[in-house]
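Have a look at the structure that comes next, please.
The values are calculated or read from the model by the stated rules, or taken from the named source; none is laboratory data. Remember, it's a predicted structure, so these values are computed and weren't measured experimentally. Just so you know, the surface numbers come from the protein's heavy atoms only, side chains and all, with ligands and any DNA or RNA stripped out. Shrake-Rupley method; radii C 1.70, N 1.55, O 1.52, S 1.80 Å.
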Amino acid sequence: MMADYSTAIFGLLAFTAVISAAVVFVLAQPSDLPIVKKVF
């Protein structure tokens, strides 16, 4: 029964890693949005 939970946990970790990488990638791009320029 633990295998089911392990698969779900690893899937969640992989999903979180992908989302985190996407956020870092987007934030690393130079932005033309004035609001972003104002904040940073």
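Please find, among 28, 3, the residue that is open to solvent by less than 100 Å² (accessible area, probe 1.4 Å) and either at pLDDT below 80 or among the charged types (D, E, K, R) (or both).
3
Also, quick follow-up: With respect to residue 18, determine if the residue is at pLDDT 90 or above, open to solvent by 70 Å² or more (accessible area, probe 1.4 Å), within 18 Å of the chain's Cα centre (by Cα) and not aromatic (Phe, Trp, Tyr).
In short, yes.
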